[in-house]
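These notes are about the structure you will find just below.
Please treat every number below as a calculation from the coordinates, not as lab data. These numbers were taken from a predicted model, which means no experiment stands behind them. Here the Cβ is made from the backbone with ideal geometry for all residues, glycine too, and neighbour counts use every protein chain on show.
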Amino acid sequence: MSEPPEPPPEEPSEVEYRRPAWVEPPADMVPGIVPVELILARTPQRAIGLTGIRAYPTGFGCTLHLRLREDIPGEQSNFGAFNMFGDGVDPAGEFADYYLRFGVGFADGRRATNLNQRHDFDEGPAPDPPTLWLVRWEGYDRLAWEVSLWVYGLPPPGPLAFVVEWPARDIPESRVEIDAGLVLEAAARAVPIWPDPPQR
Amino acid sequence: MSFFDKPALRPPIELRMPVWSRGPEDMVPGVVPVALLVARTDTHAVLIDGLLVYPTGFDFDLAVRRHPRQPRHHRHHPHLWDDQLRLEVRFADGRTADNGPGRWPRPSGDHLPDPPLLYQSVSGPDGGHVWLWGLPPPGPLTFACQWPAEQIPPSQATLDAGLVLAAAARARTLWPDEASA
């Protein structure tokens, strides 16, 4: 005897879910742009650039450019975008020197790096800013990777530092600073997409 | 003598993408200092954001934003081309490029396709990421979109192409002295 078929589960036609502010920019704003074009580190074979700060009242996004000049025989894995934010290399483990380290430093001493990421940002209380979150990466033919990042939290006035280090790839700790005022001014230029409540 | 004789190093994989399919890998791009709101309805908006420019073309995010009080709809029908957000980029001289199907040429040796050519590498409900091969001439640079499935009517916004050309001039070569090495 067959059991009566269960009614199909009611699928919600709508889901009210927004990702929290520390994971992505506010959905309802157009950012202010800081047209920075930085080279954070460069060796004869590798380079790391940072461009295009997109500022909001809650933080800022930017793009990291990872560049390998040519394919190097014996070079392990790809250019490191996976390792930066994935679980391919434990930054505290045996191959820690292969982990590309990136961070931002505020003038008041606070900092966010990819060494202390949370992977459960959707749950629990809001973290203390700044925090760093990987938005997207894209890679081409092993030589070039673009990594979009979200930094939750705006810097205080003063120098804003971008720091990289990649020991196994001969990139020592390298730092480029910009005036945080540029980011704060751009955040003030961000405008709401829907300034008025929508007509219902 | 070790049981495991080490093999020779593997030769590099020749997997270079054609030059027209992406930005030059030995450059850091210049930045266009504005984001562009192309379409807005009560529930959705479409932004052109993150415009990064090389001497051969430019990258940008085609970003779909939803009003914070607008719930996400579960869509159960198949992923059809007609459902997609359509984008067209228009140069001041009348040339256009769009993300319609069948516009992406097969790589064929050293043949370079005529610019502009638009390639959307990421595509989804939140928009996508776009590479446009070719720089616009001076004048208005128009981004036009429509998305019938989300009730976004034909909409457009214009940018001064001079901003793109100025950013292209600021793109930096990473190894300028060793180009032939």
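Applying Stokes-Einstein at 4 °C and 1.567 mPa s to the Kirkwood radius of the stretch A:150-200, computed over alpha-carbon pairs, gives a translational diffusion coefficient of 92 µm² s⁻¹. The phi torsions of the stretch A:157-173, fed into the Karplus equation with coefficients 6.51, -1.76 and 1.60 and a -60° offset, translate into couplings of x, x, x, 10, 9, 10, 10, 10, 7, 8, x, 5, 10, 6, 10, x, 4 Hz, rounded to whole numbers, with Gly and Pro shown as x. Counting neighbouring Cβ atoms within 10 Å and putting the fewest first, the residues B:Leu112, A:Leu149 line up as B:Leu112, A:Leu149. Charged side chains reduced to their Cβ positions (Lys and Arg at +1, Asp and Glu at -1) give the stretch A:30-190 a dipole of some 420 debye around its Cα centre. Any idea what diffusion coefficient the stretch A:30-190 gets from Stokes-Einstein, in µm²/s, Kirkwood Rh on alpha carbon pairs, 25 °C, 0.890 mPa s? The estimated diffusion coefficient comes to 152 µm²/s. Projecting the Cα positions of A:Ile48, A:Val163, A:Ala188 onto the charge dipole of the stretch A:30-190 (unit charges on Cβ atoms of Lys, Arg, Asp and Glu, taken about the Cα centre) puts A:Ala188 furthest along the positive direction. Once the Cβ-Cβ distance of B:Arg69 and A:Ala92 is raised to the sixth power relative to R0 = 51 Å, the FRET efficiency obtained is 0.75. Could you give me the ³J(HN,Hα) list for the stretch B:166-175, computed from phi with Karplus coefficients 6.51, -1.76, 1.60 and θ = phi - 60°, whole Hz, x at Gly and Pro? For the stretch B:166-175, the Karplus-derived couplings read 5, 5, 4, 6, 8, 4, 10, 7, 7, 10 Hz, x marking Gly and Pro.
The residues packed around A:Thr43, meaning those with a beta-carbon under 11 Å from its beta-carbon, carry a net charge of +4 if Lys and Arg are +1 and Asp and Glu are -1.
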